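The next block holds one structure in the form of structure tokens; read it before the comments.
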Amino acid sequence: MKLSSFIKRLKNILRLRRNDQEKSTVQVDDGILSEEVIEQGHTDEIPQSKLNRFAWFIYGTFLVIFLGGAGLIVGWVLVSAEQTIEKRIAITPAVTVDVLADGETAPKNSSRDKESQGDQSTENNPETATANLSNETKNSLNNSDALVGIIFPHITEETETGPLPVIAADGRQPWLEYSRGFKRADRKPRIALIISNLGLSETYTKAALELLPEDITLSFSHVAPRLKNWVREARQKGHEILLDIPMEPIGFPKNDPGRATLLTSSNEVENLNRLEHIMKQAGGYVGLLGTLGTKFMLHSETFLPVLKSIKQRGLIYVDSRSTSRSLGPELASSIQLPKAFINVFVDKEPSQEKIKSKLDELERIALKRRFAVGIAQPFPITIEILSRWTKRLKTKQIALAPITAVVDKQSQR
């Protein structure tokens, strides 16, 4: 397109030039052309024809080059297309599956041979074997195998999405099977202390596991990363375990604890499905801790089916008493569900002065009623104060007890 445009422009320029020359040399005298005009016309024909031939030469040369190049490309494609397609097929990943005839057995899998050879070479290298064993141990703790040895088969129902606690065929219940040993004959007043909302912060959870005594009960969030690993470590250290159950608070959905929250607007099936989802996230726990719930705990028609399901699973229920009007303890008593409830929120205001004041209040309740339950968050200041406070309890003739040691012992008055 550019060459043809150039030729047209060149012709226009030549035509204009010729006209100018003719106008400058033409003299009209009584209608007769002078000899000078005739001669000028003859002299202009020669350079104009040369320029035309030159332009056509350039145009033809370009056309030959263009057509020749296009022909070479088309020819290369026709000749090499088949080889190119074969190369692309060769480098494309593919899986070939042989269809076996009736009675024909599958050929031996060569990858198995390689694995076995690798195993033999590993056995010959002790350092490599040790490293691989360490990696396998780490990997095993990142999946459901972390609960192996932590949950007991006779009180566990295995499902496709996780284990569920069940009452054994001979009547043994998970909350008793997973309970920590405690001197039931001890007549000293008892305080059970629960650390809730664990597992969400790795730093806080590690601090609780390292600094707090084993008689303190640990309650984990069902959405905690590495939940099964945390439960395993806590159980190995001797702690009793609870799982937090989020319940609908006042102000929902603006105040939303998460997807598995038990709601007053949900029907019985939906709430029980959410409850099972929470229970399947771990194992080896003695019961469930109802958290938040300032609205849910006031509606017996939605609350009671949940408590009945907890009883059928052989667990205990601990009511956080997020609201003093909670129906949890009363409804649990009506169906003979093993229960406990919170007397004191230790670190609702996480300052040293307030925490110590709440611990003093917890001691007074225990001395007066013989049994008291406190709850706290895994704040660094709380962990630090509790680690010192628990060591002084013996001098005050008060026993620090796991949560199962105060089940059904508290006075609701």
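The values are calculated or read from the model by the stated rules, or taken from the named source; none is laboratory data. This structure is a prediction, so every number in the text was calculated from the model and none was measured. Every residue, glycine among them, receives a Cβ derived from its backbone with ideal geometry; neighbour counts consider all protein chains shown. Only protein heavy atoms, including side chains, enter the accessible area calculation; ligands, DNA and RNA are left aside. Shrake-Rupley method; radii C 1.70, N 1.55, O 1.52, S 1.80 Å.
Computed values, structure above
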read-out: Meets criteria (out of contact with any Gly (no Cβ under 7 Å at 6 or more places or on another chain), without any contact (Cβ under 8 Å) to a residue 12 or more places away in the chain and open to solvent by 40 Å² or more (accessible area, probe 1.4 Å)) for Lys228; value: no
read-out: Number of the condition not met by Arg321 [criteria: (1) closer than 17 Å to Leu272 by Cα; (2) within 33 Å of the chain's Cα centre (by Cα)]; value: (1)
read-out: Residue within region 399-407 that is more than 26 Å from Lys183 (Cα to Cα), among the small types (Gly, Ala, Ser) and part of a helix (DSSP H, G or I) present; value: no
read-out: Number of the exception - Thr395 against (1) part of a helix (DSSP H, G or I); (2) surrounded by 18 or more Cβ atoms within 10 Å (Cβ to Cβ); value: (2)
read-out: Answer residue from region 231-259, given it is of a type in the set (Val, Ile, Thr) and open to solvent by less than 10 Å² (accessible area, probe 1.4 Å) and is farthest from Phe182 (Cα to Cα) among those; value: Ile245
read-out: Residues located in region 265-308, provided they are at positive phi and open to solvent by 10 Å² or more (accessible area, probe 1.4 Å); value: Leu292
read-out: Residue in region 342-364 that is crowded, with 17+ Cβ neighbours inside 10 Å, of a type outside the set (D, E, K, R) and closer than 20 Å to Ser179 by Cβ present; value: yes
read-out: Qualifying positions in region 372-392 - among the hydrophobic types (A, V, I, L, M, F, W, C) and either surrounded by fewer than 16 Cβ atoms within 10 Å (Cβ to Cβ) or not in a helix (DSSP H, G or I) (or both); value: Ala372, Val373, Ile375, Ala376, Phe379, Ile381
read-out: Leu262, sole failed condition from (1) of a type in the set (A, V, I, L, M, F, W, C); (2) under 27 Å from Thr156 (Cα atoms); (3) open to solvent by 60 Å² or more (accessible area, probe 1.4 Å); value: (3)
